[in-house]
Amino acid sequence: MSEFVPFRFKVNLYNSDSNQLLCSGKFSEATGFELTMEPKTIQEGGRNWGELQRSGLTKFSPIILKRGVTTINDLWSWFDATTRGSNYGYRLHGEIIVLGNPGKDKAENPVMTWHLENVMATKFKGPDLNSTANQVAIEEIHLVHEGLELERSGATDTGSGS
């Protein structure tokens, strides 16, 4: 029988200069792992049967993290710092670790890790405050980024989107 683990996605965000951990949390849902490449078409003289297709600009969808908890208000502090003052637009790099079922020793079991470059929070939604409800600390946070790379635990190959 496997144990139910509600927070399967561990998020760590680091200072881009010093690699110091600044924000951390666990979430029950993570979406937006999407890359879209718009091909460039080239018409070649003398080629009448179709156009040449070349790779074009790659666009990254925002990563949306839902229903999360943190030990301190670090994600809120980072979002607040990026939207005002001298740290406006402050970027971090980070990772989203996909956790499998814990082992018999109850230790975390990482399955894969998504690495994000130049991450910036664009939306922060706290929980609705209700004294009779059991709410989570963070309802939703949106992260834009400039690069995405997949690392599989125990594997040597990586898929790169940056």
Original post:
Does residue 7 meet the test of being under 30 Å from residue 108 (Cβ atoms) and surrounded by fewer than 17 Cβ atoms within 10 Å (Cβ to Cβ)?
Top reply: yes
**OP:** Sort out which residues of the stretch 12-57 are surrounded by 11 or more Cβ atoms within 10 Å (Cβ to Cβ) and not in a strand (DSSP E or B), and write them in order of number.
**Re:** 16, 32, 33, 34, 39, 51, 56
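Restricting attention to the stretch 28-43, does a residue exist that is farther than 22 Å from residue 137 by Cβ and free of Cβ contacts under 8 Å to residues at least 12 places away in the same chain? Don't jump to the end; show me each part of the working.
Of all residues in the stretch 28-43, those farther than 22 Å from residue 137 by Cβ come to 33-43.
After this cut, where a residue has to be free of Cβ contacts under 8 Å to residues at least 12 places away in the same chain as well, the list is 43.
Scanning the stretch 28-43, I find at least one residue that is farther than 22 Å from residue 137 by Cβ and free of Cβ contacts under 8 Å to residues at least 12 places away in the same chain, so the answer is yes.
FYI, it's all coordinate maths here, none of it is from the lab. Keep in mind that this is a model prediction, so the values were computed, not measured. Cβ atoms come from the backbone with ideal geometry, glycine included; neighbour counts cover every protein chain shown.
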